[in-house]
Amino acid sequence: MVSVGALRAHLVAAGLAGQVATPREKSLASYRLFAARDPRQTLGLDPRGEWTAADLLRLMADRCGVSPDPELTSGPDAIDPDCTVAALDAFAERLARAAHDRIPVLLGTGHPHRLLGFYASLAAALSAAGCVVLTPAYGRGVDVPTQFGVRRHNLRYVGGVAVVRPTDTESDGPPVEAGAHTHSPLPVRVALGAAAEQGGMLPGLVVGDHGFVCGAGQLGIEAIGLADCDDPAVFVAEAEGSVSVAVPVDDAVRSDYYRPLTRYVLKRAWLSQ
């Protein structure tokens, strides 16, 4: 088992917490965009509060450990590893309850190249514990906003985890890539809408990041997930009660760096031997 001390040391050494690669300028810009209700940063959340940029900086300092100093405007940002560990404990506790109650779950990621392995391991463990891992709307088209404009993607499930893949990479052979990076809440809306339309099973818990958790939480479905220090929407959703657990962690490091987090969470949730 990964001990708390070993996990904390790994978080800092791997750049998952402590000083992270996210530039301070990017974090502050994200807070300003969220305060202006830019959909690229609200991630499907319709916040109840006003949330000025100053409010967001205070929230992110409390929930993530970024510097609360508004005069600090450049250099690398920071995540407090103790915040990360505490949130992982809460995340694991929620997974344990889901497994105990055998509730249906939906998992999805907007960071498939980094976080797919983390979520796929959770999907496998929850399935083994008796939870139904849902895969609604497989292959359904989703028009996702990108930096090049709106592009058609297809909703796919890899290892039980929802991702979107650009239609120009689709073929009859093996997948060209795990999926595309996205902040959009549209994939989870499409998945949940398809389940509801077909009279199918709806998830009791959504696990993921970006628009997957904010989009589900906005619709009243319990959601937990990971979020970087430049993703204020997930922490606002947690503060307002739309998301149950937001784990502060750099979401763009090497995929294998998340394996100790996987082992820690599964052990804490009693989902591995």
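The values are calculated or read from the model by the stated rules, or taken from the named source; none is laboratory data. Since the model is a prediction, treat every value here as computed from it, not as a measurement. When we count neighbours, we look across all protein chains shown, and the Cβ atoms used for this are built from the backbone with ideal geometry, even at glycine. Accessible surface areas use protein heavy atoms only, side chains included; no ligands, DNA or RNA. Shrake-Rupley method; radii C 1.70, N 1.55, O 1.52, S 1.80 Å.
Would you tell me the accessible area of Arg189, worked out with a 1.4 angstrom probe on the heavy atoms of the protein chains, in Å² to the nearest 10?
110
Using θ = phi - 60° and the Karplus curve 6.51 cos²θ - 1.76 cosθ + 1.60, what whole-Hz ³J(HN,Hα) does each residue of the stretch 33-42 get, with Gly and Pro shown as x?
Once θ is set to phi - 60°, the couplings for the stretch 33-42 become 5, 5, 4, 8, 6, 6, x, 5, 10, 6 Hz.
For Leu107, list long-range residues whose amide hydrogen, built 1.01 Å from N in the peptide plane, is under 5 Å from its own amide hydrogen.
Amide H neighbours of Leu107, under 5 Å, 5+ apart: Leu134, Ala162, Val207.
At a threshold of 8 angstrom on Cα-Cα distance, excluding pairs fewer than six apart, so keeping six or more, what relative contact order does the chain reach in percent?
Working: 571 pairs, mean separation 71.6, N = 273.
Relative contact order of the chain: 26 percent.
Explain nothing, just the number: relative contact order of the stretch 55-141, from Cα pairs under 8 Å at least 6 residues apart, as a whole percent.
For the stretch 55-141, the relative contact order is 22 percent.
Which whole-Hz ³J(HN,Hα) couplings does the stretch 112-120 yield from phi under the Karplus relation 6.51 cos²θ - 1.76 cosθ + 1.60, θ = phi - 60°, glycine and proline marked x?
Karplus-based 3J(HN,Hα) across the stretch 112-120 equals x, 6, 10, 10, 4, x, 4, 5, 5 Hz.
List the residues, sorted by chain then number, that are 5 or more residues from Ala227 or on another chain and whose placed amide H is less than 5 Å from its amide H.
Here the answer is Val247, Val249, since their amide H atoms fall under 5 Å of that of Ala227.
Explain nothing, just compute: Karplus ³J(HN,Hα) = 6.51 cos²θ - 1.76 cosθ + 1.60, θ = phi - 60°, for every residue of the stretch 51-68 in order, whole Hz, x for Gly and Pro.
Listing the rounded values in order: 6, 6, 4, 5, 4, 5, 4, 5, 4, 5, 5, 6, 8, 10, x, 5, 5, x Hz.
From the residues Ser3, Ala125, Ala233, which one has its Cα farthest along the dipole of the chain in the positive direction, the dipole being from +1 and -1 charges on Cβ of Lys/Arg and Asp/Glu about the Cα centre?
Towards the positive end, the residue furthest out is Ala125.
In the stretch 50-146, which GluC sites (Glu not before Pro) are in a loop and have at most 15 other Cβ atoms within 10 Å, using DSSP for the loop call?
Glu50, Glu71
Would you mind working out the magnitude of the charge dipole of the chain relative to its Cα centre, with +1 at each Lys and Arg C-beta and -1 at each Asp and Glu C-beta, to the nearest 20 Debye?
640
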